[in-house]
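**Q** Let me begin by handing over the structure; questions about it come next.
The values are calculated or read from the model by the stated rules, or taken from the named source; none is laboratory data. All of these numbers come straight from a predicted model, not from anything done at the bench. As a convention, Cβ positions derive from the backbone with ideal geometry for all residues, glycine included, and neighbour counts pool all protein chains shown. Just so you know, the surface numbers come from the protein's heavy atoms only, side chains and all, with ligands and any DNA or RNA stripped out. Shrake-Rupley method; radii C 1.70, N 1.55, O 1.52, S 1.80 Å.
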Amino acid sequence: MYDYLFVWAPRHLPSLLQGAGVTLQLAIISMCCALVVGLLVALGHLHAPKWVRWLLKAYVEIWRDIPLIVQLLVIYFTLPQIGISLPGFWAGIIGLSLNLGAYISEVFRSAIASVDKGQREAAVSIGMSTVQSYCYIILPQALLVAVPTIGGYFISLLKDCALVSFIAVNELLRNGQIIISSTFQSMEVYMMVAFIYFVMSFTASIIVRQVERLLTPAYLVRAHKRT
Amino acid sequence: MQVPGPILTVRGLCKSFGGNQVLKGVDLEVRKGEVVMIIGPSGSGKSTLLRSINMLERPTAGYLSVNNHELCWGTDGSFQVAPERDIRKVRAKVPIVFQHFNLFKHLSVLENLVQGPIHVLGRSRKEALATARERLAAVGLADKGDAYPAELSGGQQQRVGIARALAMHPDMILFDEPTSALDPELVSGILDVIRELADRGMTMVIVTHEMSFARRLGDTIHFMEAGEIIASGSPQELFSGNGSARVNAFLNLIAPSP
Ligand SMILES: Nc1ncnc2c1ncn2[C@@H]1O[C@H](COP(=O)(O)OP(=O)(O)O)[C@@H](O)[C@H]1O
Ligand SMILES: [Mg+2]
């Protein structure tokens, strides 16, 4: 026990933490891209010409029907065939973003649909353009609806990043496996990996809740206090 | 294109939803400072007419000009609509007060009032806030600037709706049944606010079921049925009982004479 905590762990922890850093980068960059993809797809569903809408629908359907790990492998091994050679890290970002983007587009779509159409009418009737009505009136309200679900997706994403180890990205899980291949201490290493994942996810869920609270409009907070 | 004339000119305006023709050639003129009432049975196209004036609904034929700006013209084959940019500019000057208020739910009352002036009229935030406070005071809600719509009564929300329209420095305000969603005891307060606006010379087109209000405040009353204005005149003319049998039947139904 003493050896484990004070000799073994300090030797391998840096490598694991460095892997955790890569996992975090994957998650954060992918999340940002997925939000952009999801928003554009949702707006496309509502405003684009019919053939574009059809394509977007196909994208969402296909990406949700194929396991993420298979998507990652396809991207990682197909892109070089057509002359695009990407490091695993960026192939992973593309795979994770497109996958999560498909789910998030549906979240945005229903969140936007949940905003009363009178809101858009009031905005447009005083002369706002469609873009302005989205920026100032519709999206702020839709976002409030979407944040809890999207926060949940972020925590799932953090864990799904482990799948990227299959395409040779040295993130947390893969760094763990590399240590195992030289030390053969599977149990000890996997325990530490598990613990680091737990700390990351737990922290993320606290942050998500904090963000939710920050975005809650003052009147809802007041109403909550009154009851 | 500039054309001299009344603040609102509607000629032969038509609107269809799919195959359903809701406006069948409406003619209407409103002069500056005039208060025009539109009455008629439910489903007759009153809201559609009002929304068309603001171009919230796109007419399918006919002529419409607001404050000397032509918004659409021509008949079926040659029907044309003004460019989007021009339409937005006009809209800003003829805001609608909605039956269900449609206040921006995520914004405080003051923020509701400054959105249009800042983003559409291009005023500075400071100036917009000053105007907003003044308009809010005019509808009797000076102390509610920081409240959110959900924290207000229906009557207060509609006052904010009116203040939001006033904050746009409007040429004309369109009211679509402004008291129909209110509890009975709150109706008269809103009607008083509208009356004050009339006293100060605001041009208004008001769709309403409040007959005594229409009668007392309206300069002109139009009676709409099945997509057409079938009778128009001063309150005396329309309420005299000497007009069309159809109008009398409606008035008797909604407010039976003693
Ligand atoms: N967006 C719409 N799509 C289809 N039909 C509509 C729409 N808006 C209104 N209508 C129809 O137009 C008719 C007139 O409606 P409206 O203008 O709301 O009447 P009013 O305000 O006089 O009660 C109704 O038959 C209604 O069903
Ligand atoms: Mg109506």
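**Q** Does any residue of segment B:112-124 turn out to be more than 17 Å from the chain's Cα centre (by Cα), away from chain A (no Cβ under 12 Å) and among the aliphatic types (A, V, I, L, M)?
**A** The answer is no; no qualifying residue exists.
**Q** Check segment B:26-44 and report whether any residue there is assigned to a strand (DSSP E or B), in contact (Cβ under 8 Å) with a residue 60 or more places away in the chain and farther than 25 Å from B:Asp199 by Cα.
**A** Looking for residues that are assigned to a strand (DSSP E or B), in contact (Cβ under 8 Å) with a residue 60 or more places away in the chain and farther than 25 Å from B:Asp199 by Cα, one finds at least one in segment B:26-44, hence yes.
**Q** Residue by residue through segment B:68-89, note down the ones that are within 13 Å of chain A (Cβ to nearest Cβ) and of a type outside the set (A, V, I, L, M, F, W, C).
**A** Correct list: B:His69, B:Pro83, B:Glu84, B:Arg85, B:Asp86, B:Arg88, B:Lys89.
**Q** If you don't mind, there's one more thing I want to ask. Listed residues B:Leu71, B:Leu50, B:Leu56; which is within 16 Å of ligand 2 (Cβ to nearest atom) and not in a loop (DSSP other than H, G, I, E, B)?
**A** Working: B:Leu71 fails: within 16 Å of ligand 2 (Cβ to nearest atom); B:Leu56 fails: not in a loop (DSSP other than H, G, I, E, B).
Answer to the selection: B:Leu50.
**Q** Right, another one. Do you know which of the residues in segment A:59-99 that are of a type in the set (S, T, N, Q) and surrounded by fewer than 12 Cβ atoms within 10 Å (Cβ to Cβ) is modelled with the lowest pLDDT?
**A** Per the stated criteria, the residue is A:Ser85.
**Q** Moving to a separate point now. Report yes if A:Ala34 is assigned to a helix (DSSP H, G or I) and touching a Ser or Thr at 6+ places or on another chain (Cβ under 6 Å), otherwise no.
**A** So A:Ala34 fits the description; yes.
**Q** Do we find a residue being at the interface with chain A (Cβ under 9 Å from one of its Cβ atoms) and more than 16 Å from A:Glu121 (Cα to Cα) anywhere in segment B:127-145?
**A** No, the conditions are met nowhere in segment B:127-145.
**Q** Would you mention how many residues in segment B:74-99 are open to solvent by 20 Å² or more (accessible area, probe 1.4 Å), in contact with a strand residue (DSSP E or B) (Cβ under 8 Å, 6 or more places away or on another chain) and within 20 Å of B:Leu13 (Cα to Cα)?
**A** 7
**Q** For segment B:192-229, which positions are among the hydroxyl-bearing types (Ser, Thr, Tyr) and open to solvent by 40 Å² or more (accessible area, probe 1.4 Å)?
**A** B:Ser212
**Q** On to the next question. Only one of B:Ala128, B:Ala147 is of a type in the set (A, V, I, L, M, F, W, C) and assigned to a loop (DSSP other than H, G, I, E, B). Can you tell me which?
**A** Matching residue, one of B:Ala128, B:Ala147: B:Ala147.
**Q** Which of (1) more than 16 Å from ligand 1 (Cβ to nearest atom); (2) touching a Pro at 6+ places or on another chain (Cβ under 7 Å) does B:Asp183 not meet, given it meets every other one?
**A** (2)
**Q** Another question, if that's okay. Consider A:Val52 against the criteria (1) assigned to a helix (DSSP H, G or I); (2) within 14 Å of chain B (Cβ to nearest Cβ): it satisfies all of them except one. Which criterion is unmet?
**A** In the conditions (1) assigned to a helix (DSSP H, G or I); (2) within 14 Å of chain B (Cβ to nearest Cβ), A:Val52 misses (2) alone.
**Q** Looking at (1) within 16 Å of ligand 2 (Cβ to nearest atom); (2) within 21 Å of B:Arg11 (Cβ to Cβ), which one does B:Asn102 not meet, given that it meets all the others?
**A** The failed condition is (2).
**Q** Tell me, please, whether a residue that is closer than 20 Å to B:Ser52 by Cα and open to solvent by 10 Å² or more (accessible area, probe 1.4 Å) can be found in segment B:167-175. Don't jump to the end; show me each part of the working.
**A** Going residue by residue through segment B:167-175, those that are closer than 20 Å to B:Ser52 by Cα are B:168, B:170-175.
In the following step, the residues that additionally are open to solvent by 10 Å² or more (accessible area, probe 1.4 Å) were identified as B:170-171.
Yes, because at least one residue in segment B:167-175 is closer than 20 Å to B:Ser52 by Cα and open to solvent by 10 Å² or more (accessible area, probe 1.4 Å).
**Q** Further question: Determine, yes or no, whether B:Ser16 is open to solvent by 10 Å² or more (accessible area, probe 1.4 Å) and in contact (Cβ under 8 Å) with a residue 60 or more places away in the chain.
**A** Numbers: open to solvent by 10 Å² or more (accessible area, probe 1.4 Å): yes; in contact (Cβ under 8 Å) with a residue 60 or more places away in the chain: no.
So B:Ser16 does not fit the description; no.
**Q** Considering A:Thr203, A:Thr149, which residue is surrounded by 15 or more Cβ atoms within 10 Å (Cβ to Cβ) and either among the polar types (S, T, N, Q) or touching a residue at least 40 places away in the same chain (Cβ under 8 Å) (or both)?
**A** Result of the check over A:Thr203, A:Thr149: A:Thr149.
**Q** State which residue is farthest from the other protein chains (Cβ to nearest Cβ) when the search covers only segment B:100-111 and only residues that are more than 17 Å from B:Phe175 (Cα to Cα), assigned to a loop (DSSP other than H, G, I, E, B) and open to solvent by 20 Å² or more (accessible area, probe 1.4 Å). Show your work before the answer.
**A** Taking segment B:100-111 as the starting set, the residues that turn out to be more than 17 Å from B:Phe175 (Cα to Cα) are B:104-111.
Filter again for assigned to a loop (DSSP other than H, G, I, E, B), leaving B:104-108.
With open to solvent by 20 Å² or more (accessible area, probe 1.4 Å) added as a condition, the list becomes B:105-107.
Details: B:Lys105: 6, B:His106: 5, B:Leu107: 8 Å.
This residue is B:Leu107.
**Q** In segment B:59-68, what count of residues is obtained for those that are hydroxyl-bearing (Ser, Thr, Tyr), surrounded by fewer than 22 Cβ atoms within 10 Å (Cβ to Cβ) and part of a strand (DSSP E or B)?
**A** Adding up the residues that qualify gives 1.
**Q** Please enumerate the residues belonging to segment B:146-203 that are of a type in the set (A, V, I, L, M, F, W, C) and away from chain A (no Cβ under 14 Å).
**A** Of everything in segment B:146-203, those that are of a type in the set (A, V, I, L, M, F, W, C) and away from chain A (no Cβ under 14 Å) turn out to be B:Leu182, B:Leu186, B:Val187, B:Ile190, B:Leu191, B:Val193, B:Ile194, B:Leu197, B:Ala198, B:Met202.
**Q** Here's a follow-up. Given (1) free of Cβ contacts under 8 Å to residues at least 60 places away in the same chain; (2) of a type in the set (Val, Ile, Thr); (3) more than 21 Å from B:Ile230 (Cβ to Cβ), identify the lone condition not met by B:Thr75.
**A** In the conditions (1) free of Cβ contacts under 8 Å to residues at least 60 places away in the same chain; (2) of a type in the set (Val, Ile, Thr); (3) more than 21 Å from B:Ile230 (Cβ to Cβ), B:Thr75 misses (1) alone.
**Q** In this structure, is B:Gly189 in a loop (DSSP other than H, G, I, E, B) and surrounded by fewer than 19 Cβ atoms within 10 Å (Cβ to Cβ)?
**A** no
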